[in-house]
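Input: a single structure, listed below in structure tokens.
The values are calculated or read from the model by the stated rules, or taken from the named source; none is laboratory data. What you see is a predicted model, and the numbers here were worked out from it, not measured in a lab. A quick note on method: Cβ atoms are made from the backbone with ideal geometry, for glycine too, and the neighbour counts reach across all protein chains shown.
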Amino acid sequence: MPRVSAKSAQNDTINYLLHLGQGIRARRKILGHSQEALAGLAGIERAHMGKIERGERNVTILNVLRIAQALECQPSELLLDAEQLQPDD
């Protein structure tokens, strides 16, 4: 089993958060919601939602649940979207 460096693991985490945010943004736009409207529906501050969409925040599971409900999808769909955006090793 190959060793994973701390820097590599950190990059993977950053990429995953970025892809999660991209998936959230894409679903939001499909529904025609502004970032402010999605934040309101999810009960999250608009500035925080912006940071989530840009991959700048490590999202709590509670916020993933709230965002998924606001986007009318399952939390697993958001996570799967992020996983599918990951490049293959």
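Quick look at the values:
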{"quantity": "Residues satisfying the stated conditions in region 65-86, i.e. over 15 Å from HIS33 (Cβ atoms), touching a Leu at 6+ places or on another chain (Cβ under 6 Å) and touching a residue at least 24 places away in the same chain (Cβ under 8 Å)", "calculated": "ALA82"}
{"quantity": "Selection from region 68-87 of residues that are farther than 12 Å from ARG28 by Cα and either part of a helix (DSSP H, G or I) or acidic (Asp, Glu) (or both)", "calculated": "PRO75, SER76, GLU77, LEU79, LEU80, ASP81, ALA82, GLU83, GLN84, LEU85"}
{"quantity": "Selection within region 20-37 - surrounded by 14 or more Cβ atoms within 10 Å (Cβ to Cβ) and of a type in the set (S, T, N, Q)", "calculated": "GLN22, GLN35"}
{"quantity": "Hits in region 18-50 (condition: within 22 Å of LEU80 (Cβ to Cβ) and either of a type in the set (D, E, K, R) or in contact (Cβ under 8 Å) with a residue 60 or more places away in the chain (or both))", "calculated": "HIS19, LEU20, GLN22, GLY23, ARG25, ARG27, ARG28, LYS29"}
{"quantity": "Qualifying residue in region 1-18 (condition: at pLDDT 95 or above and of a type in the set (Gly, Ala, Ser))", "calculated": "no"}
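Condition check ((1) in a helix (DSSP H, G or I); (2) in contact with a His (Cβ under 8 Å, 6 or more places away or on another chain); (3) surrounded by 13 or more Cβ atoms within 10 Å (Cβ to Cβ)) across all residues:
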residue: LEU18; (1), (2), (3): yes, no, yes
residue: ALA39; (1), (2), (3): yes, yes, yes
residue: HIS48; (1), (2), (3): yes, no, yes
residue: ILE52; (1), (2), (3): yes, no, yes
residue: ARG57; (1), (2), (3): no, yes, yes
residue: ARG66; (1), (2), (3): yes, no, yes
